[in-house]
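The values are calculated or read from the model by the stated rules, or taken from the named source; none is laboratory data. Since we're looking at a predicted model, the values are computed, not measured. Every residue, glycine as well, gets a Cβ built from its backbone with ideal geometry; the counts of neighbours run over all protein chains shown. Surface areas here come from the heavy atoms of the whole protein model, side chains and all, with no ligands, DNA or RNA. Shrake-Rupley method; radii C 1.70, N 1.55, O 1.52, S 1.80 Å.
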Amino acid sequence: MRVLVLGGDGYLGWPTAMSLSAHGHEVAVADNYLRRQMVTESGSDSLTPILNLPQRARAWQEVSGRTIDVHLIDLRDYELVNGLVREFRPEAVVHYGQIPSAPYSMTDRHHAVFTQLNNIENNLNVIFAIVENDLDCHLIKLGTMGEYGCPNIDIEEGFIEIEHKGRTDTLPFPKMPHSWYHASKVADSTNIHFATRVYGLRATDLNQGVVYGVSTEQTVLDERLLTRFDYDEQFGTALNRFCLQAVIGHPLTVYGTGGQTRGFLNIRDTLACVELAMLNPAEPGEMRVYNQFTESFSIRDLALEVQMAGKELGLDVEIREIDNPRTEAQEHYYNPTHTKLLDLGLQPTLLSEDLVTATLSTLLEYKDRAIYEAIAPRTRWR
Ligand code: USQ
């Protein structure tokens, strides 16, 4: 299949591009290096050394004999997005190309506005480029489990049947986003749903949980194929941060009581889910929604997992509950449905399969690159 990966330089975008290319798909990537810039501006850097996109694509060609077509463009420039879709004629567009950080969006008014303008505008551009060039092209959009928040009822996969005053309807599941960033993804979902109803767009919205891990089948082939690994307070996520903290002797930063529960998945499963979504396209006019995670954990339990795995490697890992910089429920009900990707054949990679130990071992190789000062939370929700 011909597939365009937007955000192809990112933590998930680059490994996805290689994985799809390895599986025989014709792949093009687009990126504007915004993530690299934002992380550098926040005083951090990827723990893993990474090449630029053209260098990565050349290394991939040397290692695999396959090509990945590189386009350095800003998705907020509609002429460029439209031109790329017109010329490459993708059968599927995987859209990862957005600002992914809740804390970044909560910094102040400027960061909230920038996150929403960037994400919502670039998503609209992608929708229109598909609608104007080829309505048969399937949009696979990375959403987030954080769109739903933590309601005190089971979370369904995208839609819920509601009975109200004697009438029933199947409607989008209510959203209570955790941050301005998560709210930008809610807006994207609404806009995509609208485009499916009005223009007949085919779309799959992947409400993904928190991803962890650093290695995929392709990144381990050659150091030049590594993906980025962020651990700073804005762009690092919980389990990845804990793993890095463990290898450099920083206390694990559990925010508040650590009773916050989220869905998690290994980076390898992200790649598998995206390919499953691509091989099973939505029908014209249909918006599919998958809850993309494999296991739920509380932050407290994850910290204990990392502490235990660290012990096996001779690391003395301290867990420290610190004042929660976020406004969020710390002890709450959490039971989202997540069966649709399993029904399509997803074989989950579980945390119990020594994945924390494997991640710690890889991070140990690069621990001297860590910037200690980038770890402590500075962004407060209010
Ligand atoms: N947390 C800690 N200590 C830390 C970092 C985080 O206790 O050092 C806690 C947070 O308070 C929160 C939970 O861990 O309760 C998750 O935080 P996170 O930073 O791992 O994840 P989040 O901000 O929700 O965002 C990340 C990605 C985002 C994606 C989302 C999926 O950055 O792109 O959409 O995970 S989800 O969380 O399911 O919404």
Q | ³J(HN,Hα) computed for each position of the stretch 367-382 - Karplus, 6.51 cos²θ - 1.76 cosθ + 1.60, integer Hz, glycine/proline x | A | 4, 5, 7, 5, 9, 4, 5, 7, 8, 4, x, 10, 8, 10, 5, 6
Q. Remind me, relative contact order of the stretch 219-350 in percent, using alpha carbon pairs under 8 angstrom and six or more residues apart?
A. 36 percent
Q: Under a 10 Å cutoff between Cα atoms, tell me which one of 307, 98, 234 has the largest fluctuation in the Gaussian network model of the chain.
A: 307
(Q) With θ taken as phi - 60° and the coefficients 6.51, -1.76 and 1.60, list the Karplus ³J(HN,Hα) couplings across the stretch 12-17 in order, rounded to whole Hz; mark glycine and proline as x. (A) 9, x, 5, x, 5, 4
Q: Return the long-range amide H neighbours of residue 70 (sequence gap of 5 or more, or a different chain), with a cut-off of under 5 Å between placed amide H atoms.
A: 29
Q. Most mobile of 290, 366, 148 per a Gaussian network model of the chain (Cα springs, under 10 Å)?
A. 366
**Q.** Estimated FRET transfer efficiency when R0 is 30 angstrom, pair residue 223-residue 169 (beta carbons, to 0.05)
**A.** 0.05
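Any idea how many Lys pairs in the chain come in under 19 angstrom at the alpha carbon, given 8 or more places apart or on separate chains?
Working: 141/175; 141/185; 141/340; 175/185; 311/367.
Taking the Cα cut-off of 19 Å, the pair count is 5.
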(Q) Per 0.36 nm of contour for each residue apart, how much would the distance between residue 109 and residue 350 grow if the chain were fully extended, relative to their Cα-Cα spacing? (A) 82.9 nm
Q) Once phi is turned into ³J(HN,Hα) by the Karplus curve 6.51 cos²θ - 1.76 cosθ + 1.60 with θ = phi - 60°, what whole-Hz value does each residue of the stretch 258-271 show in order, with x for glycine and proline? A) x, x, 4, 10, 9, x, 10, 8, 6, 4, 5, 6, 4, 4
Q) Once amide H atoms are placed 1.01 Å from N in the peptide plane, what residues at a sequence separation of 5 or more from residue 26, or on another chain, have their amide H within under 5 Å of its amide H? A) 2, 3
(Q) Which of 269, 368, 188 ends up with the largest GNM mean-square fluctuation for the chain, with Cα atoms connected below 10 Å? (A) 368
Q: Grab the DSSP H runs of the chain that are 4 residues or longer, score each as -39,500 (n - 2.57), total them, divide by all residues and round the 222 nm result to the nearest 500 deg cm²/dmol.
A: -11500 deg cm²/dmol
(Q) Shape verdict for the chain, please, from the Cα gyration tensor: rounded (a/c under 1.5), prolate (a/b greater than b/c) or oblate. (A) oblate
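Run the dipole for the chain about the Cα centre, Lys and Arg Cβ at +1, Asp and Glu Cβ at -1, nothing else charged, and hand back the magnitude in debye, nearest 20. Present the calculation step by step, with values, prior to reporting the outcome.
Numbers: 33 positive and 52 negative charges, 114 e Å.
Computed charge dipole of the chain: roughly 540 debye.
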Q. Taking the simple approach of a point 7 Å from Cα along Cα-to-Cβ for both residue 40 and residue 136, what is their distance in nm?
A. 4.2 nm
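Given a 1.4 Å probe and heavy atoms of the protein chains only, how would you sort 110, 71, 250, largest accessible area at the top?
Numbers: 110 110, 71 55, 250 25 Å².
Ranked list, largest accessible area first: 110, 71, 250.
Chymotrypsin sites (Phe, Trp or Tyr not before Pro), restricted to the stretch 186-285: which are DSSP loop and have at most 13 other Cβ atoms within 10 Å? Can you show the working numbers first?
Details: sites: 194, 199, 212, 229, 231, 235, 242, 255, 264; in loops: 229, 231, 235.
Hits after loop and neighbour filter: nothing returned.
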(Q) How much of the DSSP bridge set in the chain is antiparallel, in percent, rounded to the nearest 5? (A) 20 percent
